[in-house]
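The values are calculated or read from the model by the stated rules, or taken from the named source; none is laboratory data. In this text the structure is predicted, and so the values were computed from the model without any measurement. Glycine gets a Cβ as well: all are built from the backbone with ideal geometry, and neighbour counts include every protein chain shown. In case anyone asks, the SASA skips ligands and DNA or RNA and just uses the protein heavy atoms, side chains included. Shrake-Rupley method; radii C 1.70, N 1.55, O 1.52, S 1.80 Å.
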Amino acid sequence: MEYIYACTRVTDIKNKTVEQLKSLKDMGLREISLGSESGDDWTLERINKKCSAADITEQCAKLTEAGIDFWLCFLNGVAGKEHSLEHAIHSAELFSQCKPMLVGTGGLTLFPGTPLLEEAQRGEFTPLSEKEMLIELKVFVEHLTCDCYFNTHHTSGIHLSGPDFLKRKDNIIRALEHEIE
């Protein structure tokens, strides 16, 4: 059977009712990757996501009620040194509450011509080092309590992705600790 997978923003779901989402599911929509990037209000505002942690929770509840599986994405490093731990902890807590089928993580890259790179060049944003990215990811993993498929794209050589996150959580933390050392 064919089905539809969508990449969306939280704001794309906000204007849909549960009934409309159920109708989309009936037409083949099965999974949504929700580009939340964070579950921390300070970070969400800082990166102009146009939603709050409460909005994310509300929209994920609608998707759950409609029977549509969803992914949540954590953007490792996006809060900079200024707010790293709060970003990791609040994101993990919110993601755990929402219970996505998959939690994905990726590391921030500052591309030429982007506002965040320009802010970093002016000293208004302090990017994380590779080690600090690993520390932030470890804090996120430590606070994540939902069972899900965990998928991470990190520049280190360790393989952390796979199903049954809660069964593998301690091993993931140990691997991150080893990499940090």
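Within the range 77-169, which GluC sites (Glu not before Pro) sit in a loop by DSSP and count at most 15 neighbouring Cβ atoms inside 10 Å?
Passing sites in the range 77-169 are Glu124.
Rank these residues by their accessible area, most exposed first, probe 1.4 Å: Thr114, Thr109.
Working: Thr114 45, Thr109 80 Å².
Most to least solvent-accessible, the answer reads Thr109, Thr114.
Only four residue types carry charge here, +1 at the Cβ of Lys and Arg and -1 at the Cβ of Asp and Glu. Report the dipole size of the range 98-181 about the Cα centre in Debye, rounded to the nearest 20.
320
Based only on Cα atoms, what Rg/Rh ratio does the chain have, Rh being taken as Kirkwood's radius?
Here the Rg-to-Rh quotient is 0.98.
No partner Cβ under 4.7 angstrom, meaning no disulfide-compatible partner by this rule: which Cys of the chain qualify?
Lacking a cysteine Cβ partner under 4.7 Å: Cys7, Cys51, Cys73, Cys146, Cys148.
Just going by the charge dipole of the chain, with Lys and Arg at +1 and Asp and Glu at -1 on Cβ, which of Ser96, Phe111, Ala79 is farthest out on the positive end?
Checking the options against the dipole of the chain, the answer is Ser96.
Of the accessible area of the chain, with the probe set at 1.4 angstrom, what percent is carbon plus sulfur?
53
Length gain on complete extension for the stretch Asp164 to Glu45, per 0.36 nm per residue less the alpha carbon to alpha carbon distance?
My answer for the length gained is 39.7 nm.
Please give the helix 80-98 orientation as an angle from the longest Cα principal axis of the chain, in degrees from 0 to 90, rounded to the nearest 10.
Approximately 30 degrees, to the nearest ten.
Under a crude label model (7 Å from the Cα following the beta-carbon direction), how far is His153 from Gln121 in nanometres?
For the pair His153/Gln121, the computed spacing is 2.5 nm.
What do you get for trypsin sites (Lys or Arg not before Pro) in the range 44-153 restricted to DSSP loop and a cutoff of at most 16 other Cβ within 10 Å of the site's Cβ?
Answer by residue number: Lys50, Arg122.
For the chain, what is the percent of antiparallel DSSP beta bridges, rounded to the nearest 5? Don't jump to the answer; show the numbers that get you there.
Working: 1 of 22 bridges.
Percent antiparallel among DSSP bridges in the chain is about 5.
With +1 assigned to the C-beta of every Lys and Arg and -1 to the C-beta of every Asp and Glu, and no other charges, what is the dipole magnitude of the range 3-145 about the Cα centre in debye, to the nearest 20?
400
Run the quick spin-label model on Thr57 and Asp26: label points 7 Å from Cα toward the beta carbon, then report their separation in nm to one decimal.
3.1
Taking the solvent-accessible surface of protein heavy atoms with a 1.4 Å probe, what is the per residue accessible area of the range 1-140 in Å²?
49
Just to confirm the number: angle between the C-alpha axis of helix 130-143 and the first principal axis of the chain, 0 to 90 degrees, nearest 10?
The helix 130-143 is inclined about 40 degrees to the chain.
How high is the relative contact order of the chain, given as a whole-number percent (alpha carbon pairs under 8 Å, six or more residues apart)?
Answer for the chain is 19 percent.
Pick from Leu128, Leu137, Leu117 the residue whose mean-square fluctuation is largest in a GNM of the chain, springs joining Cα atoms under 10 Å.
The residue with the greatest mean-square fluctuation here is Leu117.
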